[in-house]
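The values are calculated or read from the model by the stated rules, or taken from the named source; none is laboratory data. Small disclaimer: the values here were computed from a predicted structure and weren't measured. Cβ: placed from backbone, ideal geometry, glycine included. Neighbour counts: every protein chain shown.
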Amino acid sequence: MNGEPDEALPHVFVALGSNLGEREQHIKDACAEISALAGVGELRCSSVFETDPMGPQNQPDYLNAVCQFYYSGSARELLNELQTIEKAHGRVKTTHRWTARPLDLDILLFGDQQIDAPDLQIPHIGIAKRSFVIWPLLELQPDLSIPGLGAVVELKKQCQEFGIQKYKGFS
């Protein structure tokens, strides 16, 4: 997208996470790859945070961030594009939850849309309970309200922290 953003386009938030391989590089590259997608405009990325893994603790810590942008396609189109980026980074989908992965990209919000499909839930099903999502969202847009859940600033008071801290090694 070129020029001024079309305010009618959905404002999208995507979570980025990595705990295998070159974690920093996966996050950096994913931001650049998302920014280069057709239909993406004005991408901004939060700070990077390091957290304990969710679920099994016998895996490396995660680096997490959130990016926001305008998008001219559908949520389903974006999901397909994000899954292509994940695969390019070596992500293999399994039936096991919370496994280690080189890159995890999740659509958190897609404008004010609410979608409940087997493979796509927006707002993301765990959005309100995860510090590694809430903290970056607050950084990007402190007055954000999540459809059906409320203000992010209020949700922060109730979310599990997962040992979250700003990651100092990101350059």
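Is it the case that the stretch 135-145 has a residue that's loosely packed, with under 13 Cβ neighbours inside 10 Å and not basic (Lys, Arg)? Yes, there is a match, as at least one residue in the stretch 135-145 is loosely packed, with under 13 Cβ neighbours inside 10 Å and not basic (Lys, Arg).
Contact map, the stretch 14-40: residues that are at positive phi paired with residues that are part of a loop (DSSP other than H, G, I, E, B) and surrounded by fewer than 22 Cβ atoms within 10 Å (Cβ to Cβ), Cβ distance under 6 Å, separation 6+ or inter-chain. Pairs shown: GLY21/PRO102; GLY39/SER72; GLY39/GLY73.
Among the candidates LEU149, LEU120, LEU137, the residue that is more than 24 Å from ALA32 (Cα to Cα), among the hydrophobic types (A, V, I, L, M, F, W, C) and out of contact with any His (no Cβ under 9 Å at 6 or more places or on another chain) is uniquely LEU149. Looking at ALA128, is it farther than 26 Å from SER72 by Cβ, touching a Gly at 6+ places or on another chain (Cβ under 9 Å) and surrounded by fewer than 21 Cβ atoms within 10 Å (Cβ to Cβ)? Considered against the rule, which asks whether it is farther than 26 Å from SER72 by Cβ, touching a Gly at 6+ places or on another chain (Cβ under 9 Å) and surrounded by fewer than 21 Cβ atoms within 10 Å (Cβ to Cβ), ALA128 comes out as yes.
Once the stretch 85-121 is narrowed to residues that are modelled with pLDDT under 95 and of a type in the set (Val, Ile, Thr), the residue that is farthest from THR51 (Cα to Cα) is ILE115.
GLN59 is checked against (1) modelled with pLDDT of 95 or more; (2) in a loop (DSSP other than H, G, I, E, B) and fails just one. What number does that condition carry? Of the numbered conditions (1) modelled with pLDDT of 95 or more; (2) in a loop (DSSP other than H, G, I, E, B), the odd one out for GLN59 is (1). Looking across LYS156, LYS168, one residue alone is more than 15 Å from the chain's Cα centre (by Cα), assigned to a loop (DSSP other than H, G, I, E, B) and closer than 17 Å to SER46 by Cβ. It is LYS168. Only one of the numbered conditions (1) within 21 Å of GLN121 (Cβ to Cβ); (2) surrounded by 13 or more Cβ atoms within 10 Å (Cβ to Cβ); (3) modelled with pLDDT of 95 or more is violated by ASN80, and that is (2). Residues in the stretch 154-165 that are closer than 27 Å to GLU24 by Cα and at pLDDT 90 or above were compared, and the one that is surrounded by the most Cβ atoms within 10 Å (Cβ to Cβ) is LYS156. Taken over the stretch 123-145, residues that are in contact with a helix residue (DSSP H, G or I) (Cβ under 6 Å, 6 or more places away or on another chain) and more than 22 Å from PRO53 (Cα to Cα) amount to 1.
Quick check on the stretch 40-49. Is at least one of its residues farther than 14 Å from ILE107 by Cβ, part of a helix (DSSP H, G or I) and either in contact with a His (Cβ under 8 Å, 6 or more places away or on another chain) or modelled with pLDDT under 95 (or both)? Within the stretch 40-49, not a single residue is farther than 14 Å from ILE107 by Cβ, part of a helix (DSSP H, G or I) and either in contact with a His (Cβ under 8 Å, 6 or more places away or on another chain) or modelled with pLDDT under 95 (or both). With respect to (1) charged (D, E, K, R); (2) buried (at least 18 other Cβ atoms within 10 Å of the Cβ); (3) modelled with pLDDT of 95 or more, the lone exception for ARG23 is condition (3). Say whether the condition of being touching a residue at least 12 places away in the same chain (Cβ under 8 Å), assigned to a loop (DSSP other than H, G, I, E, B) and either in contact with a Cys (Cβ under 7 Å, 6 or more places away or on another chain) or not polar (S, T, N, Q) (or both) is met by at least one residue in the stretch 133-141. There is no residue in the stretch 133-141 that is touching a residue at least 12 places away in the same chain (Cβ under 8 Å), assigned to a loop (DSSP other than H, G, I, E, B) and either in contact with a Cys (Cβ under 7 Å, 6 or more places away or on another chain) or not polar (S, T, N, Q) (or both).
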